[in-house]
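Here it is, the structure, as structure tokens.
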Amino acid sequence: MTVLYILVPVAIVLVILAILVFNWAVNSGQYDDLDSPAHSILFDEEDPAHLEAQQRTEQSKPDDRQQSPNDQEPKA
């Protein structure tokens, strides 16, 4: 019975730790793109059609490093 006084707090700490790790993974973008890695194994890297499709998707993705025109401060 006294072992429960140890196991219950340890279990609660582990659950809290698991929730924190899951929140970190979601907030850091670990689950943003789940489909591309699964599909990329099906395509040959040298295939011209695959390279063209890959370039199109890279061009369509917004670059996080650049600011959009709406994000810039208006000039006074």
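The values are calculated or read from the model by the stated rules, or taken from the named source; none is laboratory data. In this text, all values refer to a predicted model and were calculated from it rather than measured experimentally.
Return the total of residues in segment 1-43 being over 23 Å from the mean Cα position of the chain (by Cα) and outside any helix (DSSP H, G or I).
3
Looking at (1) assigned to a helix (DSSP H, G or I); (2) at pLDDT below 80; (3) not aromatic (Phe, Trp, Tyr), which is the one condition that is false for GLU46?
With (1) assigned to a helix (DSSP H, G or I); (2) at pLDDT below 80; (3) not aromatic (Phe, Trp, Tyr) applied to GLU46, the lone miss is (1).
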